[in-house]
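Heads up: the structure comes next, in structure tokens.
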Amino acid sequence: MKKKILATLLATMMLLSGCGAKEDDTPKNTNANSNSSVDTDNTDTPFSLHGALSVDGADLVDENGEKFQLYGMSTHGIAWFPDYVNYDTFKYLRDEWGTNCIRLAMYTHENGGYGSDGDKEALKTLVKNGVDYATQLGMYVIIDWHVLNEKSPMVYIEESKDFFEEMSSLYKDYDNVIYEICNEPNSNANWSVIKEYANEIIPIIRNNDENSIVICGTPTWSQDIHRASAERLEFDNVMYALHFYAATHKDWLRNRMETCINEGLPVFISEFGICDASGNGNVDIEQANAWKDIIEKYNVSFMCWNLANKNEASSIIEFGCDKLYGWTDDELKEEGLWISEWFESEK
Ligand code: IDC
């Protein structure tokens, strides 16, 4: 059954929390909010034009059954860089950069992580604020359970069950919300471990929300999509995460993506950078352009890591620049310039 977004949304009038994002990974006050009200000029938003999405073979399609591509920025860890979760930033990314989606990355294990020592309520407030801003703006939004250094999604599966139960019941009527259930399982978390996890979490989401898009991470930091292609999950509207960092992951991973797509696997690049896999080092523009070509060829959705001003190559804003939007070319790092040009060319 086709669902509609709740028509009435709270236009919360709160103040920005003041200081700009800092480069360190110290958890901060997660009370970032926007002082903007609901966007009134929302007749032609991405969501109003494309509505509820679904998966058709290898493709993501919109409510009219047309192939559709989501693209935009991923936040950095919202515990560390909460200030970018605000209405004006998202509006800028929609209107000036032409993006249609935002990814809210919530680390689960690291310092301030949801499953480790983070303030769960404050983190959920940030996620909810982010979903509200995206919804007001008619953007799609990915809630990312950012498994990384705990390696296996089973480590915090109990927390994950509670989290996705709450989120999917809250957003069961929000067709712009996408659930990413485990960012990057790695090490011994092979596909059978991930499947076991997904087979617990997806039914919880489906119980509240029959049709939402769910993105599932794949083994080896979401590179081993061929494992998923060989043994799919038995749910509709599931996509499989492929992550790349252009200076590290080259032809072999592009070839793998191509093979899997040709096998009918719905692939979603829910995170990528154009530097190396550490999130730092030199960017590789030649490799980045090769990725861009293949992404365009297959209409794969792509979310760029990361929306912050940390002192690392994958943070698109210059270190020391505290502006939350309206960046000049000088205030963007190389990756920021490259990705903003690509986004703008899609407008
Ligand atoms: C990195 C951040 C870095 C942070 C680190 C924490 O860029 O600032 O200190 O995480 O572990 C991924 C992950 C993503 C990483 C990124 C770069 O999904 O969380 O972010 N990366 O290492 N996979 C491949 C690269």
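The values are calculated or read from the model by the stated rules, or taken from the named source; none is laboratory data. Values in this document were obtained by computation on a predicted structure and should not be read as measured data. Because the Cβ atoms are built from the backbone with ideal geometry, glycine has one as well, and the counts that use them run over all protein chains shown. Ligands, DNA and RNA are excluded from the accessible area calculation, which covers all protein heavy atoms including side chains. Shrake-Rupley method; radii C 1.70, N 1.55, O 1.52, S 1.80 Å.
Looking at the stretch 190-263, the helices (runs of 4 or more DSSP H) lying wholly inside it that each contain 3 or more residues that are more than 23 Å from residue 71 (Cβ to Cβ) sit at 191-208, 225-230. Just so you know, in the stretch 268-298 the residues that are among the β-branched types (Val, Ile, Thr) and more than 16 Å from the ligand (Cβ to nearest atom) include one that is nearest to residue 53 (Cα to Cα), and it is 295. Every listed requirement among (1) under 12 Å from residue 114 (Cα atoms); (2) of a type outside the set (Ser, Thr, Tyr); (3) more than 16 Å from the ligand (Cβ to nearest atom) is met by residue 165 save one, (1).
The set of residues from the stretch 119-178 being of a type in the set (Asp, Glu) and open to solvent by less than 10 Å² (accessible area, probe 1.4 Å) comprises just one member, 144.
Within the stretch 94-111, the residues that satisfy the criterion of being over 12 Å from residue 134 (Cα atoms) and open to solvent by less than 10 Å² (accessible area, probe 1.4 Å) are 97, 105, 106, 108. Scanning the stretch 106-161 for residues that are within 16 Å of the ligand (Cβ to nearest atom) and either part of a helix (DSSP H, G or I) or farther than 17 Å from residue 78 by Cα (or both) yields 123, 150, 151, 152, 153, 155, 156.
Exactly one residue among 34, 17, 54 is at pLDDT 50 or above and either open to solvent by 10 Å² or more (accessible area, probe 1.4 Å) or within 21 Å of the chain's Cα centre (by Cα) (or both), and that residue is 54.
Condition check for residue 91 on (1) surrounded by fewer than 21 Cβ atoms within 10 Å (Cβ to Cβ); (2) closer than 18 Å to residue 305 by Cβ; (3) among the basic types (Lys, Arg): one failure, at (2). Put simply, of 293, 322, 236, 330 the only residue that is farther than 23 Å from residue 90 by Cα, touching a residue at least 12 places away in the same chain (Cβ under 8 Å) and open to solvent by 40 Å² or more (accessible area, probe 1.4 Å) is 236.
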